Amino acid sequence: VKSCELWDALRKFANKDVTRIARIIHEEGPKTLGELRDETELTTNQVNHTLIDMRNVDLVRKIGKRYYLTKYGAVLLNALDEVRKGVTSIPEDLLFKPIPAGKRYEEEISDTYSDSEAENARGALMIV
């Protein structure tokens with residue numbers, strides 16, 4: 001996979017409909033356009049355009065009348081879930097705090113937080 005293709009696929013997940021449809025297919029298995037329309041409460045046109053966008057970057061494949069999440073799509077969806085977990089587990093007051101040059105993130109949290117809080121934040125760093 002070329003890096004530009006990877007970024008094109010990752011950018012698709014910024015669309016909440018793409019993420020929602022990918023998650024439904026990933027958790028429940030292959031779905032028809034009508035089933036996805038009913039589950040998402042989007043119009044047929046919206047679901048169709050979303051699926052076309054997803055197919056164009058190989059997130060889903062259509063076999064017969066059903067849409068399947070590709071391994072590529074599942075890996076990206078799972079990776080984004082891990083990033084989300086990692087970011088949300090970092091204390092908010094540290095999340096956007098600049099880290100001084102030459103100082104690592106781990107040192108910054110050790111200087112600022114209790115042992116258990118620092119351990120949680122270090123665990124989040126390992127995820128991302």
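Hey, does the stretch 54-66 have a residue that's at pLDDT 90 or above, part of a helix (DSSP H, G or I) and open to solvent by 20 Å² or more (accessible area, probe 1.4 Å)?
Checked against the condition, which is being at pLDDT 90 or above, part of a helix (DSSP H, G or I) and open to solvent by 20 Å² or more (accessible area, probe 1.4 Å), the stretch 54-66 yields at least one hit.
Looking at the stretch 18-30, is at least one residue open to solvent by less than 70 Å² (accessible area, probe 1.4 Å), hydroxyl-bearing (S, T, Y) and at pLDDT 95 or above?
For the stretch 18-30, residues open to solvent by less than 70 Å² (accessible area, probe 1.4 Å), hydroxyl-bearing (S, T, Y) and at pLDDT 95 or above: present.
Hey, could you check the stretch 42-51 for residues that are under 26 Å from A79 (Cβ atoms) and part of a helix (DSSP H, G or I) and say which is most open to solvent (accessible area, probe 1.4 Å)?
Out of the qualifying residues, it is H49.
Residues in the stretch 98-119: is at least one in contact with a Ser or Thr (Cβ under 9 Å, 6 or more places away or on another chain), within 21 Å of L10 (Cβ to Cβ) and either open to solvent by 80 Å² or more (accessible area, probe 1.4 Å) or modelled with pLDDT under 95 (or both)?
No, that holds for no residue.
Restricting to the stretch 73-97, give me the number of residues that are open to solvent by 70 Å² or more (accessible area, probe 1.4 Å) and outside any helix (DSSP H, G or I).
The total comes to 2.
For the stretch 4-14, indicate whether the set of residues that are touching a helix residue (DSSP H, G or I) at 6+ places or on another chain (Cβ under 8 Å), open to solvent by less than 40 Å² (accessible area, probe 1.4 Å), closer than 25 Å to R84 by Cα and touching a residue at least 60 places away in the same chain (Cβ under 8 Å) is non-empty.
yes
The values are calculated or read from the model by the stated rules, or taken from the named source; none is laboratory data. All values derive from a computational prediction rather than experimental measurement. As a convention, Cβ positions derive from the backbone with ideal geometry for all residues, glycine included, and neighbour counts pool all protein chains shown. Ligands, DNA and RNA are excluded from the accessible area calculation, which covers all protein heavy atoms including side chains. Shrake-Rupley method; radii C 1.70, N 1.55, O 1.52, S 1.80 Å.
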